[in-house]
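Have a look at the structure below, then the notes.
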Amino acid sequence: MNHSHRGRRLARLCGAGALVLPLSVLAQPVIEDLSDRSRTFYEQAEVREGASGSLMLLNRLDEQQREIQQLRGQVEELRHQLEQLRRDSQARYLDLEQRLASGVAPQEVDAEAARQVAEAGAGSGSAPPGADAQAAYQAAFQRVQARDFPAAIAAFEAFVVDYPDTNLTANGHYWLGELYSAETRLEPAAAAFQTVLDDYPESNKVPDALYKLGLLKARQGQPDASRTLLERLITDYPDSNAAVMGRDFLNDSGL
């Protein structure tokens with residue numbers, strides 16, 4: 001009777017729709033299974049470890065990217081230095097006409113002529129230029145310095161006729177080619193450069209003549225002949241300034 005009364009009282013306290021359980025069930029302690037929670041903890045630890053490894057990998061990639069950027073910077077610096085050296089080499093290889101256009105003093109033309117006299121055709125088998133030949137050669141340069149190109153052409157034409165077998169004769173033909181080119185007389189210019197190649201193969205003006213004739217052929221609309229001459233220049237005289245400029249011309253022109 002007492003149990004029945006106590007049950008009805010508990011029902012009233014829990015509400016009309018509440019489920020009435022035996023007191024023995026209500027008093028039983030709750031036991032939780034922590035095995036799943038423990039497994040989740042280890043799984044979370046594995047996730048943390050994986051994330052840590054990924055972070056280390058990302059840091060390593062960032063470090064390698066910085067090193068690559070530094071190397072690229074060094075390569076660009078070296079490329080700039082090489083380009084500067086190439087430009088310096090080209091500047092040292094200026095044509096006489098370009099030098100005169102910037103205002104070369106007469107004594108510089110004399111020095112240039114004297115240098116060519118000293119360097120011309122060493123070992124070519126031609127006779128050393130005598131005093132008269134040297135004077136005639138330098139006089140022709142004086143005409144160039146005055147920018148009197150017709151007179152300079154006449155002087156060099158007379159020089160190669162009067163002194164056909166000296167160490168300076170190839171230089172005379174070469175400068176005739178330069179002067180004819182400056183006067184846009186392309187056929188005589190090509191013939192003068194070709195004379196250097198054919199008649200004075202041991203002259204130190206051969207690389208220059210190959211380069212100038214190669215450019216001249218390109219101006220005349222003969223790209224195959226131009227490429228052949230410039231490739232010959234690069235193969236036979238790879239260390240010359242003319243070869244450096246020949247390579248640049250081939251690369252820039254796309255011949």
What nm value, rounded to one decimal, do you get for the distance between Q74 and R60 when each label is placed 7 Å out toward the C-beta? 2.2
Sites E187 and D148, calculated FRET efficiency, Cβ-Cβ separation with R0 22 Å, nearest 0.05: 0.50
Taking Lys and Arg as +1 and Asp and Glu as -1, residues besides A158 with C-beta under 15 Å from its C-beta add up to -3
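Accessible area, 1.4 Å probe, largest first: how do L61, L215 sort?
Numbers: L61 80, L215 40 Å².
The ordering from most to least exposed comes out as L61, L215.
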I'd like the FRET efficiency for D248 and A139, computed as 1/(1 + (r/R0)^6) with the beta carbon distance as r and R0 of 41 Å, rounded to 0.05. 0.75
Quick one: net charge around P238, please, counting Lys, Arg +1 and Asp, Glu -1 for every other residue with C-beta under 12 Å from its C-beta. -1
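When only the heavy atoms of the protein chains count and the probe is 1.4 Å, how do T166, T184 rank by accessible area, highest first?
Details: T166 15, T184 95 Å².
Putting T166, T184 in descending order of accessible area: T184, T166.
The values are calculated or read from the model by the stated rules, or taken from the named source; none is laboratory data. Not measured: the values here are computed from a predicted model. Methodologically, a virtual Cβ is constructed for each residue, glycine included, from the backbone with ideal geometry; neighbour enumeration extends over all protein chains shown. Keep in mind that these areas ignore ligands, DNA and RNA; they rest on the heavy atoms of the full protein, side chains included. Shrake-Rupley method; radii C 1.70, N 1.55, O 1.52, S 1.80 Å.
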